[in-house]
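All of the numbers you see were taken from the coordinates with simple rules; none came from a lab. If you're wondering where the values come from, they're calculated on a predicted model, not measured in any experiment. So basically every Cβ, Gly included, is an ideal-geometry build from the backbone, and we count neighbours across all protein chains shown.
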Amino acid sequence: MFDLIALEREFFDHLTKVDESILGRVAAGACPHCGGRLHRGDYPRKPRGGSIAPELEELSRRFSLCCSREGCRKRATPPSVRFLGRRVYIGAVVVVACVRMLVLTTAAAARRATGIAPRTLRRWGRWWRDGFPATSIFQELRARLLRPPTATELPMSILAAMVGSPSERLVELGRWLAPLTTSSVRDGSRFVRAIA
């Protein structure tokens, strides 16, 4: 079921709106370093979509803020449901590609299905198996789900334990992962939780 998730334009438009809402909440606050006023300071990204979402290479702006005080000018990059940290691939593409990799039996089949190099897919798989379970986000998510996810089948076991359509589950997982996408905004999860 989850290996067939289609990432359409409307899906990414929704993610952009969620990111804009998060940006607005962070912008309403002060600089986390000096307390100064925050101004919009987006920066370019060149995200990839593989064959999962090839037309979305144009999602080229990472929403960000920077302090207006001279001498500080530090960034406050809000959490994002579109991007997964510094990875060049779009966050939803990382999740869907890893689900497809779990379902398919060979690296060549995964490459054909995703358009992403097997080495990259294996690296992402290691992060899901080893890095992500060590985070507080995973521990909280595991405690909240009725069916605790299995670490060896991440991210598929998380999506299977959630409710809603496949795209709704993917958005919800993006919300959970959003605090991991930045280190310049403390307690990023509080900004994500308030967004409907």
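Some observations on this one:
- Scattering curve values for the range 2-193, log₁₀ I(q)/I(0), Debye with Cα scatterers, q = 0.10, 0.12, 0.15 Å⁻¹: -0.41, -0.59, -0.90
- HN-Hα J in Hz across the range 118-127 - Karplus 6.51, -1.76, 1.60, θ = phi - 60°, x for Gly and Pro: x, 4, 5, 4, 5, 4, 4, x, 4, 4
- Total formal charge among the other residues, if their Cβ is under 13 angstrom from that of GLY36, Lys/Arg +1 and Asp/Glu -1: +4
- Unit charges at the beta carbon, dipole of the chain: most positive-side option, ILE52, THR182, GLY36: GLY36
- Counted residue by residue at 0.36 nm each, then reduced by the alpha carbon distance between them, the extension gain from ARG37 to VAL88 reaches 15.4 nm.
- The amide H of THR77, built 1.01 Å from its N in the peptide plane, has LEU65, SER184, VAL185 as neighbours under 5 Å, considering only residues 5 or more places off or on other chains.
- For the options ALA113, ALA178, ALA92, a Gaussian network treatment of the chain with springs between C-alpha atoms closer than 10 Å singles out ALA113 as fluctuating the most.
- Over the chain: helical MRE at 222 nm, DSSP H runs n ≥ 4 each giving -39500 (n - 2.57), nearest 500: -12000 deg cm²/dmol
- Every Cα-Cα pair of the range 94-146 was included, and the share exceeding 19 Å stands at 35 percent.
- Residue-wise HN-Hα coupling along the range 89-96, computed from phi with Karplus coefficients 6.51, -1.76, 1.60 (Hz; x: Gly, Pro): 7, 4, x, 5, 5, 4, 5, 5
- Listing LYS74, LYS17, LYS46 from fewest to most neighbouring C-beta atoms within 10 Å gives LYS46, LYS17, LYS74.
- Stretched out straight at 0.36 nm per residue, the stretch from ARG119 to ARG45 would grow longer than its current Cα-Cα span by 24.4 nm.
- The tail of the calculated P(r) for the range 82-196 beyond 21 Å holds 35 percent of all Cα-Cα pairs.
- The chain, dipole about Cα centre (Lys/Arg Cβ +1, Asp/Glu Cβ -1), debye to the nearest 20: 700 debye
- Virtual spin-label span in nm between CYS72 and ARG25, 7 Å along Cα→Cβ: 2.1 nm
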